[in-house]
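Below you'll find the structure, written out as structure tokens, and then a few comments.
Every number here is computed from the coordinates shown, using simple stated rules; none is lab data. What you are looking at is a predicted structure, and each value in this text was computed from that prediction instead of being measured. Every residue, glycine as well, gets a Cβ built from its backbone with ideal geometry; the counts of neighbours run over all protein chains shown.
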Amino acid sequence: MEFPNLSYSPWVIPAAAVIYGLIHSLMAATGFKQLVINGFGQVAKRYYRLFYSISSAILLLPVLALPLLIPDKTYYTIPAPYVYLTGGIQLLSVVLLVYSLLQTGALQFIGLRQALGLEANDRLNTGGLYRYVRHPLYTFSLLFLWLTPVMTRNMLLLYAALSVYILVGAVLEERKLVENFGEAYQRYKENTPFIIPFLI
């Protein structure tokens, strides 16, 4: 299937990623969530996380499509046999990403647990991969992105924008974690690397 090329500047890509990031961050903010709950009642509290997850995925699709729609040029292609190594690391990153999600609690992460009326698991997770980094989901997401075998201008702009957003999002998330877990998270933070293992 061929996509029609749009005559937009490639800088539309990071601009779209920034807009997505602002919307995503606004919806994740405790104040915004409370505003929705105040307006729609307890049903909003039960389904908000699921709505947030679904809407975030839908809003991300146009951003991911832009690199395919805007005229592009290739910067580099990883040649064989190195591409087999980077591809293997990407595959391992996906496996560890899924494992991290399962450790986090996949149903709770996407909001299905709350929507089904099950009790939330609010325990601070410091085991498994969380012993090595505080944000393994982000670690393996970044690793997967930057080991892509073909790097084009559009993909570079998209990956750079997403990487900045991931890092900013991680910092904002940590503020919530400190509010929720207090001294326990502070101790965990002092002894566990941020995103890069063994680098505190």
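Looking at L59, is it within 24 Å of A170 (Cβ to Cβ) and assigned to a helix (DSSP H, G or I)? So L59 passes the test. Within the stretch 165-200, being in contact (Cβ under 8 Å) with a residue 24 or more places away in the chain, within 30 Å of Y75 (Cβ to Cβ) and aliphatic (A, V, I, L, M) holds for I166, L167, V168, A170, I195, I196. Just one of the listed residues (Q103, Q90, Q114) is farther than 25 Å from V150 by Cα, touching a residue at least 40 places away in the same chain (Cβ under 8 Å) and part of a helix (DSSP H, G or I), namely Q114. Residues of the stretch 150-200 that are farther than 26 Å from R123 by Cβ and in contact with a His (Cβ under 9 Å, 6 or more places away or on another chain): Y165 alone. The combined condition, being more than 15 Å from the chain's Cα centre (by Cα) and either surrounded by 14 or more Cβ atoms within 10 Å (Cβ to Cβ) or of a type in the set (F, W, Y) (or both), is fulfilled by L112. Considering only residues in the stretch 149-177 that are loosely packed, with under 14 Cβ neighbours inside 10 Å, aliphatic (A, V, I, L, M) and touching a helix residue (DSSP H, G or I) at 6+ places or on another chain (Cβ under 8 Å), the one that is farthest from A65 (Cα to Cα) turns out to be L172.
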